[in-house]
1. Counting only other residues whose beta carbon sits under 12 Å from that of Pro206, what net charge do I get with K and R as +1, D and E as -1?
2. Can you check what the Kirkwood hydrodynamic radius comes to for the chain, Cα pairs only, in Å to one decimal?
3. In nanometres, what is the gap between the two model label sites at Ala205 and His116, each 7 Å from Cα along Cα-to-Cβ?
4. What's the extension gain from Phe198 to Phe12 if we count 0.36 nm per residue and subtract their Cα-Cα distance?
5. Give me the lysines in straight-line cross-link reach of Lys177: C-alpha distance below 29 Å, same-chain residues under 8 apart excluded.
6. Taking the Cα centre of segment 14-259 as origin, work out the dipole magnitude from +1 charges on Lys and Arg Cβ and -1 charges on Asp and Glu Cβ, in debye rounded to 20.
7. Could you go through segment 42-54 in sequence order and give the Karplus-derived ³J(HN,Hα) for each residue, using 6.51 cos²θ - 1.76 cosθ + 1.60 with θ = phi - 60°, rounded to whole Hz, and x for Gly and Pro?
8. Rounded to the nearest 500, what is the chain's calculated 222 nm mean residue ellipticity when only DSSP H runs of at least 4 contribute -39500 (n - 2.57) each, over all residues?
Amino acid sequence: MMGMSRHDANEFPVRALGGPTAFFEYGGLRFLTDPTFDGPGDYPSPGATLTKTAPGTVTPADLGPIDVVLLSHDEHADNLDNSGRALLADVPLTLTTPGGGKRLGEKATGLADWEHIELNRPDGGTITVTGVPAIHGPGQREEIEPITGQVVGFVLTADGLPTVYVSGDNASLDAVKEIAERFAPVDTAILFAGAPRFPVLFDGAPLVLDSAQAAQATQILGVRRVVPVHHDSWAHFTEGRDELHAAFTAAGLADRLDRDWVAHA
């Protein structure tokens, strides 16, 4: 079909709001990833103080009601900050790690790998949200989790709707391959990137995908559209828009980058 790009009728807007926070509507429900709305400053987290360098682009009030928060993990301030925690009180359902499900109270549900939950769509039918593997550092889960904690990603599926992958703070392409075996091709991927590093952890290796790995993940999953997040607003993120553009261009995947994300450069 002449004139048709990879961005087709299945596409729905995804608003990247700074850091790991993104908003989208899917199947009539309003989803938010890793809510972070605090202003710039220093935020203590387990093992390190994290420095936020830029404010979010919106406030929770600007977004209106949220039906579901997809929270990759609750222990780090760059994934759930003070205003984000306050927001959870007003959200009917937060999906997160098994540990986070215990810590965050009765509105939170933890999903282990491949565990899923059915959400009722306002127009009838259901959305399936599946918890998928994520490893917050370079190496095997049993080596990484005692240091940086448990993380979960999510895949959303529903009859007649595109498949959506939210990676969470994942550094493992092996985990991506496992997800691809079950869910590829993926229509929209919200990929946490930014190559966050700390010299004292894992010899300074990235704790989340770097730009080149994000492009590799896109190939592995057969992703049609990528919305990169978790690459700005924090001092420990070491790669941003320019590196992501360059890596996707080098891999021949520049056309997979979300048009709205590119336009807001």
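1. Once all neighbours under 12 Å are counted, the net charge is -4.
2. Details: mean 1/r = 0.0549 Å⁻¹.
The Cα-based Kirkwood calculation yields 18.2 Å.
3. Reported label-point gap for Ala205 and His116 is 3.2 nm.
4. 63.4 nm
5. Excluding near neighbours in sequence, the set is Lys102.
6. That gives a dipole near 320 debye.
7. Karplus-based 3J(HN,Hα) across segment 42-54 equals 9, 10, x, 9, x, x, 6, 9, 9, 10, 8, 10, 8 Hz.
8. -6000 deg cm²/dmol
A short reminder: the numbers here are calculations on the coordinates, not readings from a lab. Bear in mind the structure is a predicted one, so any value in this text is a computation, not a measurement. All Cβ positions, glycine included, derive from the backbone under ideal geometry; neighbour counts span all protein chains shown.
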